[in-house]
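What follows is a single structure, written as structure tokens, with notes after it.
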Amino acid sequence: MKIAGIVLLILGAIGTVVFGIQAMQDSESFSFLGMDIAVSTANWTPVIISVILLVIGLVMTTRGKK
């Protein structure tokens, strides 16, 4: 169970970084009354799933030590 936790922890960390960077770069900007306004058009679902996997992996690895 500890090995599965480590695998989920690594996959969650990699997914969080990759999808997080991709989501931050997905933004559009437009000008309104002389101000430049940026709007995010990113899909945050993969980031949320990756963070959940990261937390589950962390819990699984810490419970394996008992």
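The values are calculated or read from the model by the stated rules, or taken from the named source; none is laboratory data. Quick caveat, the model's predicted, so the values are computed rather than measured. Here Cβ is always computed from backbone atoms with ideal geometry, including for glycine, and neighbour counts include all displayed protein chains.
Some notes on this structure:
- Considering residues of segment 1-34 that are of a type in the set (G, A, S) and assigned to a helix (DSSP H, G or I) only, the residue farthest from M60 (Cα to Cα): A23
- Selection within segment 41-58 - under 30 Å from E28 (Cα atoms), among the aliphatic types (A, V, I, L, M) and surrounded by fewer than 15 Cβ atoms within 10 Å (Cβ to Cβ): I48, I49, I52
- Which numbered condition T61 fails, given (1) surrounded by 12 or more Cβ atoms within 10 Å (Cβ to Cβ); (2) in contact (Cβ under 8 Å) with a residue 12 or more places away in the chain; (3) within 14 Å of the chain's Cα centre (by Cα): (3)
- Hits in segment 8-34 (condition: modelled with pLDDT under 90, surrounded by 11 or more Cβ atoms within 10 Å (Cβ to Cβ) and over 12 Å from the mean Cα position of the chain (by Cα)): D26, S27
- Any chance I37 is part of a helix (DSSP H, G or I), at pLDDT below 95, out of contact with any helix residue (DSSP H, G or I) (no Cβ under 9 Å at 6 or more places or on another chain) and exposed (fewer than 12 other Cβ atoms within 10 Å of the Cβ): no
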